[in-house]
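**Student:** Got a structure for you, questions after.
The values are calculated or read from the model by the stated rules, or taken from the named source; none is laboratory data. Since the structure is predicted, the reported quantities are computational estimates derived from the model, not experimental observations. Cβ atoms come from the backbone with ideal geometry, glycine included; neighbour counts cover every protein chain shown.
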Amino acid sequence: MADIDSSALDALSARLDEVEGYLHVDELRGTVAQLEQESTAPGFWDDANAARETMARLSAAKSDVAGIDAARAKLEDARAALELGEETSDDDLLAEAASIASSLEHDLTELELSSWFTDDLDHGDAIVTVTPGQGGLEAQDWCDMLFHMYLRYCDRRGWTVDVNDAPQAEVIGIDHATFTVHGHNAYGMLRAEQGVHRLVRISPTDEKKRRQTTFAGVEVLPILPDDIEVDIDPKDLRIDVYHATGHGGQGVNTTDSAVRITHIPTGTVVTCQNERSQLQNKAFAMKILRSRLYEMELEKRAAELDELRGPKHEIGFGNQIRSYVLYPYQLVKDLRTGMETGNVDSVLQDGDLDKFIIAYHRWVVAGRPEQ
């Protein structure tokens, strides 16, 4: 936002009013006061799990209120700098007004996203799995590229990542990747990535340097809070242990620490090998299994299918949500929203995904208009 005028600030003010309405800020302030009172009550920490959930709700509510208050302050600072700059013809003040307005625009986008996330699961952590699709060895390499793209994106957002399983493939790339993302709105943001991703490039493994089209699938699951019950009969589980490979800490391969759990009635298989301890790997594999079985139950009910993960498709031609073209031209385009960029490196190398994720959520809020 290089130039700024009063009409631009009026538009930002209108956006801020809308966000305040979405977030019900007055109610949020009351919620903060109520939860703060609860957190100081005697015996509050007697039930540690309930206390942690209350503190998480308090932190989220305080964050939204603080965001609104900070945005209001920036708007007033921008107006003051603009008015004084116009009165005195001071270019430095006008530049300051433009800079504050640009910062405010970014803050409003983040607040709008938070206001669109109406499910409690949206504000929590996410389990992401990237799986090779059509394309043979190339698909395994593409899976690895997407995996590292998401690691960079999470780093840009200040989220922390635990790599649960990312075994190296025999020739190139990885067999799959499963990782957990910890951060505010992680699941809400990343569910925009659920679906099939298509890569077009000159094959690095083809001696004739022919163009190759490759696919990978991305699954995004929420981390379920403890109060959501998923009934799993231990008799329905087959648990295998094996040597860990690929990503992991020093010494991770010295014991049979990796765990594979198969839920026999559904055929669901989950693996985890990031921790040295077999018990830790088993515990996290069970957490992933709970989330997947919860998803399957929602699918049976059908009502919430689109909200959590969208319809299932074969990981191949005709089902992609986004295309990444490296040859004969360079373009990343989301086929749902129409958002695109020619700066492929900024996406794949630097993890610059916000434009695509924000566009997706705007598209959803607008009712998913036909493209």
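For (1) farther than 30 Å from residue 170 by Cβ; (2) touching a Gly at 6+ places or on another chain (Cβ under 6 Å), each residue gets a yes or a no:
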position: 47; (1), (2): yes, no
position: 58; (1), (2): yes, no
position: 69; (1), (2): yes, no
position: 94; (1), (2): yes, yes
position: 143; (1), (2): no, yes
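**Student:** Further question on the same structure: Going through 18, 36 one at a time, which residue ends up being in the same structural domain as residue 99 (by TED's automatic domain parsing) and at pLDDT 90 or above?
**Tutor:** 36
**Student:** Looking at (1) of a type in the set (A, V, I, L, M); (2) over 30 Å from the mean Cα position of the chain (by Cα); (3) in a helix (DSSP H, G or I); (4) surrounded by fewer than 14 Cβ atoms within 10 Å (Cβ to Cβ), which one does residue 66 not meet, given that it meets all the others?
**Tutor:** Answer for residue 66: the failing condition is (2).
**Student:** Now a separate question. Looking at (1) more than 30 Å from residue 330 (Cβ to Cβ); (2) part of a loop (DSSP other than H, G, I, E, B); (3) in contact (Cβ under 8 Å) with a residue 24 or more places away in the chain, can you tell me which one residue 205 breaks?
**Tutor:** All conditions pass for residue 205, except number (1).
**Student:** Taking segment 183-225 as the region of interest, how many residues are at pLDDT below 95, under 21 Å from the mean Cα position of the chain (by Cα) and more than 23 Å from residue 364 (Cβ to Cβ)?
**Tutor:** 1
**Student:** Shifting gears a bit: If you check residue 326 against the conditions, is it surrounded by 13 or more Cβ atoms within 10 Å (Cβ to Cβ) and modelled with pLDDT under 95?
**Tutor:** no
**Student:** I've got another one for you. Do you know which of the residues in segment 75-118 that are within 22 Å of the chain's Cα centre (by Cα) and of a type in the set (Asp, Glu) is farthest from residue 16 (Cα to Cα)?
**Tutor:** Just the residues of segment 75-118 that are within 22 Å of the chain's Cα centre (by Cα), to begin with: 105-118.
Subsequent filtering for residues that are of a type in the set (Asp, Glu) retains 105, 107, 110, 112.
Details: 105: 10, 107: 10, 110: 11, 112: 9 Å.
Taking the candidates together, the pick is 110.
**Student:** Sticking with this one: Which one of these is closer than 22 Å to residue 291 by Cβ and surrounded by fewer than 22 Cβ atoms within 10 Å (Cβ to Cβ): 125, 107? Show your work before the answer.
**Tutor:** Working: 107 fails: closer than 22 Å to residue 291 by Cβ.
After ruling out the rest, the residue left standing is 125.
**Student:** Examine segment 158-178 for a residue that is part of a helix (DSSP H, G or I), surrounded by fewer than 21 Cβ atoms within 10 Å (Cβ to Cβ), outside the structural domain of residue 244 (by TED's automatic domain parsing) and on the phi < 0 side of the Ramachandran plot, and state whether such a residue exists.
**Tutor:** No, segment 158-178 has no match at all.
**Student:** When you check residue 225 against the structure, is it free of Cβ contacts under 8 Å to residues at least 24 places away in the same chain and either surrounded by fewer than 16 Cβ atoms within 10 Å (Cβ to Cβ) or touching a Lys or Arg at 6+ places or on another chain (Cβ under 7 Å) (or both), yes or no?
**Tutor:** Answer is no for this residue.
**Student:** Determine which single condition residue 110 fails, assuming it passes every other condition in (1) at pLDDT 90 or above; (2) closer than 21 Å to residue 161 by Cβ.
**Tutor:** (1)
**Student:** Output yes when any residue across segment 20-43 is touching an Asp or Glu at 6+ places or on another chain (Cβ under 7 Å) and of a type outside the set (A, V, I, L, M), and no when none is.
**Tutor:** Scanning segment 20-43, I find no residue that is touching an Asp or Glu at 6+ places or on another chain (Cβ under 7 Å) and of a type outside the set (A, V, I, L, M), so the answer is no.
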